[in-house]
Amino acid sequence: MPARSFVAALLLTAAPMSLAAQTAADHVALGVGAIEAHDLRTGQAHFEAALALDSTDYAANWRAAFALLDQAEQFPDTLGSAERDSLLARAELLAQRAVLTDSLGPEGHFALAATVGRASLTKGKKERIRRAKIIRDEALRTLALDPSHDGAYHVLGRWNAEIMRLSGLSRFFAKSFLGAGIFGQASWEEAIGNLQKAVELDPDRIYHRLELARIYTDRKRYQEALDQLGRISSLPDRELLDPLYRERATALARRIGGRT
């Protein structure tokens, strides 16, 4: 039995009979409630139950993709992990299905940009280069459908930063031999501008400020980085991974604290 079918079956057989009669939409709603309560395991189980009932349910696909992404984020990129890579591969598959189900839904395109982007961080340079256009295209498509989507600005900011972090030789290789002329459009200015826009749209999201601080650090703009990290300390934990991001912010502040 496939893993998602097993999870869904376990959820349904272990629950009262009334739960077995619930629709995909019911399970999505319950999954959203669980995620908001920071119960990732229960939320994912409900999304998988919804997909077992209707594999084309748009909300179940993109929400399950993000739940898998949250699970994968807890594994360090510095170590190989078959479990993490499996989570990312399925997240990407579900995001692709969401886009196929509803091409006009911004969250599906955002999920695809985010899952491809996150998985790319575990790949070699050549594979990152190959996937770069997908990430940018999907983030821009998200903004075309929802111009105030802070998450898409975050992805675009990080996309620019990751390209600029490549060596000059790697960028030259991408532009000259892989036909990735799009790499010439990346810049630190775009990285900063897009993350600043994400912060402007959702100033209380810790992840936005952490990534902006990382980019400021790359540019040796240490005081501006510390300003962002200082703001994080006063923000409440709102997202499931906020405690993890807060730890990373503290570590970054400690590393650059004496460089202002």
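The values are calculated or read from the model by the stated rules, or taken from the named source; none is laboratory data. Predicted model only: the values in this text are computed from it and were never measured. Virtual Cβ from ideal backbone geometry, glycine too; neighbours counted across all protein chains shown. Protein only, heavy atoms only, side chains kept; ligands, DNA and RNA dropped before computing areas. Shrake-Rupley method; radii C 1.70, N 1.55, O 1.52, S 1.80 Å.
What's the number of the condition residue 36 fails, among (1) among the acidic types (Asp, Glu); (2) under 22 Å from residue 21 (Cα atoms); (3) out of contact with any helix residue (DSSP H, G or I) (no Cβ under 6 Å at 6 or more places or on another chain)?
(2) is the only condition that residue 36 fails.
Are any residues in segment 50-68 of a type in the set (A, V, I, L, M) and open to solvent by less than 20 Å² (accessible area, probe 1.4 Å), and if so, which ones? Full working, then the answer.
As a first pass, look at segment 50-68 and keep what is of a type in the set (A, V, I, L, M): 50-53, 59-60, 64-65, 67-68.
If the condition is that a residue be of a type in the set (A, V, I, L, M) and open to solvent by less than 20 Å² (accessible area, probe 1.4 Å), then 50, 51, 60, 64, 65, 67, 68 are the ones that fit.
Counting only residues that are free of Cβ contacts under 8 Å to residues at least 24 places away in the same chain and open to solvent by 20 Å² or more (accessible area, probe 1.4 Å), how many does segment 31-49 have? Reasoning before the result, please.
First pass over segment 31-49, keeping only residues free of Cβ contacts under 8 Å to residues at least 24 places away in the same chain: 33-34, 36-37, 39, 41-42, 47.
With the extra rule that they be open to solvent by 20 Å² or more (accessible area, probe 1.4 Å), the set shrinks to 33, 36-37, 39, 41-42.
Counting residues in segment 31-49 that are free of Cβ contacts under 8 Å to residues at least 24 places away in the same chain and open to solvent by 20 Å² or more (accessible area, probe 1.4 Å) gives 6.
Pairs only if they're at least six apart or on different chains, beta carbon under 7 angstrom, first in segment 58-69 and closer than 10 Å to residue 97 by Cα, second surrounded by fewer than 24 Cβ atoms within 10 Å (Cβ to Cβ) and of a type in the set (Ser, Thr, Tyr); list them, first residue then second.
Every condition considered, the pairs that remain are 58/101; 61/101.
Just one of (1) crowded, with 19+ Cβ neighbours inside 10 Å; (2) under 18 Å from the mean Cα position of the chain (by Cα); (3) in a helix (DSSP H, G or I) trips up residue 243, so point out which.
(1)
Being of a type in the set (Ser, Thr, Tyr) and surrounded by fewer than 19 Cβ atoms within 10 Å (Cβ to Cβ) is the filter here; which residues of segment 99-119 pass it? Explain how you work it out, then say what you get.
Residues of segment 99-119 of a type in the set (Ser, Thr, Tyr): 101, 103, 115.
Scanning segment 99-119 gives 101, 103.
Taking segment 216-232 only, how many residues are surrounded by 19 or more Cβ atoms within 10 Å (Cβ to Cβ) and closer than 14 Å to residue 165 by Cβ?
Matching residues across segment 216-232 total 2.
Would you check if residue 75 is open to solvent by 30 Å² or more (accessible area, probe 1.4 Å), in a loop (DSSP other than H, G, I, E, B) and in contact with a helix residue (DSSP H, G or I) (Cβ under 7 Å, 6 or more places away or on another chain)?
Values: open to solvent by 30 Å² or more (accessible area, probe 1.4 Å): yes; in a loop (DSSP other than H, G, I, E, B): yes; in contact with a helix residue (DSSP H, G or I) (Cβ under 7 Å, 6 or more places away or on another chain): yes.
Here the answer is yes, as residue 75 does meet what is asked.
Does at least one position in segment 92-102 carry a residue that is within 22 Å of residue 183 (Cα to Cα) and in a helix (DSSP H, G or I)? Outline the logic, then answer.
If we filter segment 92-102 for residues that are within 22 Å of residue 183 (Cα to Cα), which is where we start, we get none.
No, segment 92-102 contains no residue that is within 22 Å of residue 183 (Cα to Cα) and in a helix (DSSP H, G or I).
Among residues belonging to segment 120-171 that are touching a residue at least 12 places away in the same chain (Cβ under 8 Å) and not in a helix (DSSP H, G or I), point out the one that is surrounded by the most Cβ atoms within 10 Å (Cβ to Cβ).
149
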